[in-house]
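Report on the structure given below.
The values are calculated or read from the model by the stated rules, or taken from the named source; none is laboratory data. Quantities reported herein were computed from a predicted structural model and do not represent experimental measurements. Every residue, glycine among them, receives a Cβ derived from its backbone with ideal geometry; neighbour counts consider all protein chains shown. Side chains are part of the model used for accessible areas, which takes the heavy atoms of the whole protein and leaves out ligands, DNA and RNA. Shrake-Rupley method; radii C 1.70, N 1.55, O 1.52, S 1.80 Å.
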Amino acid sequence: MSEELLINVSPVETRVALVENGVVQELHIERSHGKGYVGNIYKGKVVRVLPGMQAAFVEIGLARTAFIHASDMAEADEDEGRRGEVPDIRTLVREGQTLLVQVSKDPIGTKGARLTTNLSLSSRYLVYMPNSAHIGVSTRIDDDAERQRLRGQVESLAEEAGVSGGFILRTVAEGVGADELRNDIDFLQKLWLDFQDKCTNAPVPSAIHTDMPLFLRALRDLARAPIEKIRVDSRMSWTQMREFATSYYPELVDLIECYSGERPLLDLYGVEDEIARALDTRVPLKSNGYLIVEQTEAMTTVDVNTGAFVGRRNLEETIFKTNMEAASAIVRQLRLRNLGGIIILDFIDMKDPEHERQVLRTLEKALEKDHAKTSITGVSELGLVEMTRKRTRESLGQMLCEPCPLCSGRGLVKSAETVCYEIFREILREARAYDNDKFLVLASQLVVDRLLDEEAAYVADLEAFIGRTIEFQVESLFTQEQYDIVLV
C-alpha cells in the first residue's frame, strides 16, 4: 500500500489530504478566520458552576463560553480508559476562580468548546501530561513485549532528563529507539518550561499555548509509515516543513516535495471531486449498490442498499458481497467526512452468522487505519451495528456548509400544492376580518402557476363564496414557501 500526503496552502485556507493507493481517505481543513482550538491551553475564569450537571462554564476568550465537566478535572487512566469516582463539581471549582484548561473538543453547532484540566502537550511519539504520574501506551500497540519495552524506555529517559509528569506513547512510537524518544522528551520539556514562563504574567482570559498550523501538524500526526511522499504547493510552507522536519523528524526531510505544476495539486489527485461527493448523502459502490449517509445532531446513520446489483448466484450472496464492500466504504466515508459521535450502521440483513462475522471483521480491519478512537458493537437483534467515533472537530459538512435558506435545514420544502391550500385558508380568514374589494396574492412562480392552472376551479369557487376577486402576482425573490396576501 502506498500513501501520500498532499498539502494545499493559500492565504485563507490550508487543506491536507491523505491519499492511499490513489484514493483520498482523510481530509483536514483549517481556515485562517476559523482555526480549530483543540490542543490550545488557556488561562480562563469560571463564570458559572452547575451542580445539577456536574459541570462549569469557563470564559477563555472565545465567542462562546466553554464547558468543563467534573470528570474532565480528575486524572484519567488513559492507557486503560478508566476513570475513578467523579467528585462533586463544587469541591473542584468556584465561580470567579482562575483555571488552566485545555480544549479537548472544538465548538460544534451551538455548543461551546469542551475543556479539560488534564493538560497535555504532543510530540511525534509522545504525549506529555505534566499533572499526571502515569506512563501509558496506545492500545493500538498490541504486542505486550513492545508495550513493556516502550514504557520502560520512557521511564528511564524521563528520570535521566529530570522530567516529572506522565507520558502516553502514541501508536507511531512502535519500534522506535531511545534516541527518538529522548529527542521528543527534550522537545516537550522545553515546550513546558516556555509554557510556565508565559503563564506567570498572562491576563485572564488569554491563550497560553496554541497548537502548530495544520501543515506542520500534518507532519507530526499524519506522516507515518508507509508514507512515501509529502507534497506541498507553497514554497514558504515547504521551507518551514523542511526546517521543522530537520529538527524533529529527519527521516521525513527527503520525502517533502514542493509542487509547482500548473495544474492545482488537489485537482491532480481528484481531491476536489472527492470533496464534492463527500457532501452528498448518497455514496455509490462499485457493485452498483450504494450507501445513504445522513448526519443529525444526535447521531449519524448509514444505510446499505443493493441498488442495481443482482449478484450471480442467489440473494444471500448478493447481500453478503454488498455488505462486505460497504464495510470498507463506510470507514472511508467516516474518515473523509470526519463523522463522529454515535454512528448507526444498517447493513442489509444477513441470515448466515458466518457472513455477519466476516462483515464485522472487515469493518474492524478497516477501522485499524483510522486515527480517531472508535468503539464498535456486534450486530443487534434489529440487524444494526452501533459504534462511536471520537469527535474533536466539526465534520466536513458542518465546516463547508450551512443550513439551507429554503428549508432551514429540514431537507424538505412544502409542496406548491400545500402552499396553495395555505393561501386559500388565509384568504378565508382575511375575508371574514376585513371588508376590502379584492385580494392580491404574491407568491413564487411555481405556486402562482398552480393557482392559475390546477387550482383555477377552486379559486373561482372561492371568489364566488367570499364575493371578491383574487389576483395573482409572481414575486421572484420569494421561496416556494413564502407568500403574501395584500388587501386592495
Cβ-Cβ below 7 Å, separation at least six or inter-chain, first residue in region 37-61 and part of a loop (DSSP other than H, G, I, E, B), second aromatic (Phe, Trp, Tyr) and open to solvent by 50 Å² or more (accessible area, probe 1.4 Å): which pairs?
none
Quick one: is Glu228 in a helix (DSSP H, G or I), out of contact with any Lys or Arg (no Cβ under 6 Å at 6 or more places or on another chain) and open to solvent by 50 Å² or more (accessible area, probe 1.4 Å)?
no
Options Leu92, Leu100, Leu169; residue that is at pLDDT 90 or above and open to solvent by less than 20 Å² (accessible area, probe 1.4 Å)
Leu169
Those residues of region 5-46 that are closer than 19 Å to Arg224 by Cα and open to solvent by 40 Å² or more (accessible area, probe 1.4 Å) come to a total of 3
Here are Lys438, Lys369: which of them is more than 30 Å from Val302 (Cα to Cα) and basic (Lys, Arg)?
Lys438
Per-region count, region 296-307, residues open to solvent by 50 Å² or more (accessible area, probe 1.4 Å) and at pLDDT below 90:
3
Selected residue (criterion: least open to solvent (accessible area, probe 1.4 Å)) from residues of region 131-160 that are modelled with pLDDT under 90 and hydrophobic (A, V, I, L, M, F, W, C)
Ile141
So which of Arg389, Arg361 is basic (Lys, Arg) and farther than 24 Å from Val103 by Cβ?
Arg361
Would you confirm whether or not region 279-295 contains a residue that is of a type in the set (Val, Ile, Thr), open to solvent by 40 Å² or more (accessible area, probe 1.4 Å) and closer than 22 Å to Lys390 by Cβ?
no
Ile227 passes all but one of the listed conditions (1) modelled with pLDDT of 95 or more; (2) under 24 Å from the mean Cα position of the chain (by Cα); the exception is number (1)
Just wondering, is there one or more residues in region 69-77 that are modelled with pLDDT under 95 and loosely packed, with under 13 Cβ neighbours inside 10 Å?
yes
Do we have Glu251 as part of a strand (DSSP E or B), modelled with pLDDT under 95, of a type outside the set (A, V, I, L, M, F, W, C) and surrounded by fewer than 17 Cβ atoms within 10 Å (Cβ to Cβ) here?
no
Could you check, for region 404-424, whether at least one of its residues is open to solvent by less than 50 Å² (accessible area, probe 1.4 Å), of a type in the set (Phe, Trp, Tyr), assigned to a loop (DSSP other than H, G, I, E, B) and in contact (Cβ under 8 Å) with a residue 12 or more places away in the chain?
no
Pairs returned, first residue in region 309-321 that is among the hydroxyl-bearing types (Ser, Thr, Tyr), second residue that is modelled with pLDDT of 65 or more, beta-carbon separation under 9 angstrom, 6 or more apart or interchain, are Thr318/Ser287; Thr318/Gly289; Thr318/Thr306; Thr318/Ile348
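This table checks each residue for (1) small (Gly, Ala, Ser); (2) in contact with a helix residue (DSSP H, G or I) (Cβ under 7 Å, 6 or more places away or on another chain); (3) open to solvent by 70 Å² or more (accessible area, probe 1.4 Å).
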position: Glu430; (1), (2), (3): no, no, no
position: Leu442; (1), (2), (3): no, no, no
position: Asp453; (1), (2), (3): no, no, yes
position: Ala456; (1), (2), (3): yes, no, no
position: Ile466; (1), (2), (3): no, yes, no
position: Phe472; (1), (2), (3): no, yes, no
position: Glu475; (1), (2), (3): no, no, no
position: Phe478; (1), (2), (3): no, no, no
position: Glu481; (1), (2), (3): no, yes, no
